[in-house]
1. Can you tell me how many residues in region B:393-426 are part of a helix (DSSP H, G or I) and either more than 21 Å from B:G126 (Cβ to Cβ) or touching a His at 6+ places or on another chain (Cβ under 8 Å) (or both)?
2. Scan region B:439-468 for residues that are closer than 22 Å to A:E100 by Cβ and not polar (S, T, N, Q) and report the count.
3. Please specify each residue of region B:290-323 satisfying the condition of being hydroxyl-bearing (S, T, Y) and more than 14 Å from B:V9 (Cβ to Cβ).
4. Could you please tell me which pairs satisfy a Cβ distance under 8 Å, a separation of 6+ or placement on different chains, a first residue in region A:102-119 that is closer than 21 Å to A:H68 by Cα, and a second residue that is outside any strand (DSSP E or B) and basic (K, R)?
5. All but one of (1) on the phi > 0 side of the Ramachandran plot; (2) buried (at least 19 other Cβ atoms within 10 Å of the Cβ) hold for A:D326; which doesn't?
6. In this structure, does A:P115 turn out to be modelled with pLDDT of 95 or more, assigned to a loop (DSSP other than H, G, I, E, B) and of a type outside the set (A, V, I, L, M)?
7. Determine whether B:G394 is surrounded by 22 or more Cβ atoms within 10 Å (Cβ to Cβ) and either more than 10 Å from every other protein chain (Cβ to nearest Cβ) or touching a strand residue (DSSP E or B) at 6+ places or on another chain (Cβ under 8 Å) (or both).
Amino acid sequence: MSAPMFDVAVVGGGVMGATTALMLARGGLRTVILDRGPLCREASGVNAGTLTLHMTRASLIPYAVRGHELWLSADQWLGRGVAAVSTEGLSLAFTPAEEEMLHARAAARREYGAPIEIVPASRARAVEPGLSDQVRLAAYCPIDGFASSYLTGRAYREALVEAGAVVREGAAVIGVDSGDGGFSLRIAGAEPVRARRLVLAGGVWLEEMLGWLGLRIPVKCLINQLVVTERLRPVMRTVLSVANGLLSLKQFANGTVLIGGGWQGIGDPKRGGVQTIPENLIGNTRLARWVIPALAETRVARIWLGLEAETADAMPMIGAVPGVPDAFVIGSVHSGYTSGPYMGRLLADLILGREPERPLFDPSRLLEPQAAPALT
Amino acid sequence: MSGAYDLIVLGAGPAGVGAAVTARSHGLSVLVVDENETTGGQVYRATPQAFATRADAPANPDKKEGAGQRQSLLASGAAVAFRHSVWQVSPGYRVDAVGQGGPVHWSAPAVIAATGTTERVVPFPGWTLPGVIGLAAATILLKSQQMLPGRRPVIAGCGPLLAAVAVAVLDGGGKPAAVLDLSGPGDWLAALPALASRPDLALRGLGWVVRLKAAGVPVHFRTGIAAVRETADGLAVTPCRVDADRRPLPDGAGQDIETDCVAVGHGLTPGTEITRLLRARHRFDAALGGWVAEHDADFRTSLPGLYVAGDGAGISGAAAAHLQGQLAGLAVARDLGRLGADAHETAAAPVRKRLAAAQRFGRAMARLMALRPAHAASVAPDTVVCRCEDVTRGEIDEAVAAGARDVNQLKAWTRCGMGPCQGRMCGETAASLVAEAVGSRGAAGLWTGRAPLRPVPMDLLTGDFTYADIPLPKAAPL
């Protein structure tokens, strides 16, 4: 007896895959989503939850603005929110060189529609009274915010089940075969899953997944360090970053402060995030304390590492897999948590035969020339 | 302060001291790190130096053993870093800590984690009230601070600490209002053969029981706490009879007991923070206190250069811990090439023999203290399980029903275990509840190990610095 044929199988249960699956299920497709672990427990559940335009790649700003809106209204379209908060954002300069960087980066982002203005330190401190008196200049953006990313998995799981999608957590796909007018997904320790269409949404594991289809697209893996403090009195109200982008700082309603910014730890796609590099942990926390001196009052409660995927040109790959009909890929979006729900919608629109609202990001530009022949 | 050693021992309780002194005796350079002022861990915790000791203070065998161990470590020539909190151990190995002077780090090819244990409390209504403390906390007050936890405390839970605390309260001039023991006389009888392996300790225990009886302290077996509530002048404890699985009996509630303090402990959980952080292999064994790092007979973990010893390797008591430390110290000496195979065998054989006896006693006590799933399952829906984040039993059940299949998923969905205690207080109860739904503690998993090993103060971690001291990475892409 052969297994049922799904209309679409989504491999990878992060925000990109889960949104795509959700929209496809709501669009009437018989959908299965598979993840080797629980939903949204890798990058999508451990990232800093920053919904900022200051750090998003300039050309992705229009996507991030839409993503920001979607997160803030998640309780409406997703069913359960992720404690998203809208606030203002400041990016700071502490040296003359950083002032120049701030001007250049703000200008580039303004070109793509981010309402960022350069303001003097006095204005920055009026916006954020807890700021260090060492600030020389700031970039101000009225659109910023943050979410609690660890809530993402629960929200998506309930929405997917509600939409009738089959959620297969703890199902590790180890390969894909073609045939019978579709794909057959090999699952570790379980029966294969068959589907007419395939969406690969495996984050830093996309390189390996594309390899199943005979394609070679290198995906770099960043090991981003995150630090959360114990609760402390309100010491800040905005989202803070620095000119070179190496800090994100926000205080949640419960009083904890999350320190991120992409300082690197030790790890890889195979082992996950393995270890903090002590110098980077101390550097990251020093920078945070430099920006908000009151952080000296609290204690670091937990440090973890999140894996972020990056393509050769640091731009996303979202669209049809070149040379493999009915296969799609989504991932490697810089600041991907912010724009993730929007990116997933765009791909779902493409698969459902609707015109996506904005251009996708053709993966074929990233193909290595020596690529093996595609799956037939 | 920084430097390289042959061996770094984390924890200066009986296991750590045993390990350090043994390794030193084979010529290894050794550093011992501990959060406390001096050696002793919990069982041999020293009285603060500023305290005067009464001349008529009763003789205490723990005190004598603790002083002897303290002396042996000082005489061994091991370097010590007391009042240092280790926040990370990196492979290879590098140990990062903070002291009063700021961040420090040391390195060594071998690390022995001798990190002891955390007391477990299975929640009941009122367990977070002021005046409700752990049995272990009561022993710290009594032993180290020479303070009574209360003048008429209720002492509740399971294991040998019950009688030890009750007698120490009597010695200090108080009188326990009651001792509530989850075990029955039959459970204690079952432990008797193992107790015979340490007649000294068994006699001491018997002496405690006689003392309590002579003093007229009511001891209730197969009895737990249904609830604690505040009264005008203290606390009222509602006791409850339990069955052999420690499940409260439907009509088991007894008369309220008026008290000024509740000291309660439901056993001990091995401290596996370091081995989890480094991703050594672990296994679950309720009789050993829960999850423990897998180790061989010489206390090597699954990771080269990483060793465990003492209660952190599985609850077996202070005497066994000291001997386990010695074996781990010998293994390090051998693995670093300072001790040949034959010499190692000659040195280890008598220690192993003594350990077998000590361990038999300690493990019998550990079995008395092991968490019974029915006990955890008895927590009421509106009782807070995670006191850092105010997560109730009901919220945990709801998350499990909605699809949370392991403890880390539960943590993300409910914040259970995300607070400053880093899951130490709620972890066992929460995991037991998840295990009920997914079939086993193995399937429910264990908290992913994370740095910092203890919450680390930002001011000490960052130290004194200027902007130029921050090694800013290159800018993120535009």
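The values are calculated or read from the model by the stated rules, or taken from the named source; none is laboratory data. Being a predicted model, the structure only gives us computed values, none of them experimental. We place every Cβ from the backbone using ideal geometry, glycine too, and count neighbours over all the protein chains shown.
1. 12
2. Residues meeting the conditions: 2.
3. Within region B:290-323, B:T301, B:S302, B:S316 meet the criteria.
4. Note: pairs meeting the criteria are A:I116/A:R109; A:I116/A:R110.
5. So A:D326 meets the others, but not (2).
6. When the stated conditions are applied, A:P115 passes them.
7. When the stated conditions are applied, B:G394 does not pass them.
Listed here are the residues, each with its yes/no results for (1) in contact with an Asp or Glu (Cβ under 9 Å, 6 or more places away or on another chain); (2) over 30 Å from B:K411 (Cα atoms); (3) part of a strand (DSSP E or B); (4) away from chain B (no Cβ under 14 Å).
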{"site": "A:V119", "(1), (2), (3), (4)": "no, yes, yes, yes"}
{"site": "A:S122", "(1), (2), (3), (4)": "no, yes, no, yes"}
{"site": "A:R125", "(1), (2), (3), (4)": "yes, yes, no, yes"}
{"site": "A:P142", "(1), (2), (3), (4)": "yes, yes, yes, yes"}
{"site": "A:Y150", "(1), (2), (3), (4)": "no, no, no, no"}
